[in-house]
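Asker: This structure is in structure tokens; I'll ask about it shortly.
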Amino acid sequence: MSSDDPVAQSLSGHIRTLGSCWIVYGVIRLIMAVCLVVYGRVAALMFGALLNRVPDPFTLLGIFHFLYTVMIVLSVVCGILGLIAGLALLAGQRSGRALALLAGFLSLSNIPLGTTLGIYTLVVLLPSSVASNKS
């Protein structure tokens with residue numbers, strides 16, 4: 001693509017916007033991970049209080065702890081990946097696109113901010129690989 005191509009020029013504006021958004025999103029996800037860790041006992045106590053009429057409450061509480069741990073790990077991974085992807089996109093590194101696509105895919109489960117940012121990332125960054133393969 002030449003430098004006077006309007007698609008290439010508009011893509012650079014989107015990439016700067018994506019980089020900034022991924023940095024903010026990464027910080028938010030890391031704060032969320034810290035809050036999940038800090039309030040983990042309260043969440044387990046509240047969930048356990050709901051299990052007084054269930055035949056096997058210990059199995060369900062074990063499943064809750066497993067899923068809660070998965071959510072903490074996912075928040076940390078998405079936060080770190082979002083920060084690295086945002087910094088790489090703003091720096092113009094080649095790895096920024098791949099990192100942002102991975103972060104976008106992983107963040108789709110976080111409604112509404114992660115879903116919005118993930119879809120925007122996939123829409124902006126996926127067509128560029130298709131256009132470069134046609135050239």
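Asker: Of the residues Tyr39, Tyr120, only one is in contact (Cβ under 8 Å) with a residue 40 or more places away in the chain and among the aromatic types (Phe, Trp, Tyr); which?
Answerer: Tyr120 is the lone residue from the list that is in contact (Cβ under 8 Å) with a residue 40 or more places away in the chain and among the aromatic types (Phe, Trp, Tyr).
Asker: Now, a different point. Any residue at all in region 67-87 that's of a type in the set (A, V, I, L, M), farther than 21 Å from Ile111 by Cα and at pLDDT below 95?
Answerer: no
Asker: Counting residues that are among the charged types (D, E, K, R), which helices (runs of 4 or more DSSP H) fully inside region 18-110 reach at least 1?
Answerer: 40-49, 95-106
Asker: Inspect all residues belonging to region 111-127 and state whether any of them is surrounded by 12 or more Cβ atoms within 10 Å (Cβ to Cβ), over 17 Å from the mean Cα position of the chain (by Cα), within 14 Å of Ile15 (Cα to Cα) and not aliphatic (A, V, I, L, M).
Answerer: Pass one, region 111-127, residues surrounded by 12 or more Cβ atoms within 10 Å (Cβ to Cβ): 113-122, 124-127.
If we keep only those that are over 17 Å from the mean Cα position of the chain (by Cα) too, we end up with 127.
If we keep only those that are within 14 Å of Ile15 (Cα to Cα) too, we end up with 127.
Going one step further and asking which of them are not aliphatic (A, V, I, L, M), we end up with 127.
For region 111-127, residues surrounded by 12 or more Cβ atoms within 10 Å (Cβ to Cβ), over 17 Å from the mean Cα position of the chain (by Cα), within 14 Å of Ile15 (Cα to Cα) and not aliphatic (A, V, I, L, M): present.
Asker: If you don't mind, there's one more thing I want to ask. Need the failing condition index for Gly92 against (1) under 14 Å from Cys21 (Cα atoms); (2) out of contact with any Lys or Arg (no Cβ under 8 Å at 6 or more places or on another chain), just the number.
Answerer: For Gly92, the failing item is (1).
Asker: Let me ask something else about it. Within region 52-64, identify whether any single residue is buried (at least 18 other Cβ atoms within 10 Å of the Cβ) and among the charged types (D, E, K, R), and answer yes or no.
Answerer: No, region 52-64 contains no residue that is buried (at least 18 other Cβ atoms within 10 Å of the Cβ) and among the charged types (D, E, K, R).
The values are calculated or read from the model by the stated rules, or taken from the named source; none is laboratory data. Keep in mind that this is a model prediction, so the values were computed, not measured. Reconstructed Cβ throughout: ideal geometry from the backbone, glycine too, with neighbour counts over all protein chains shown.
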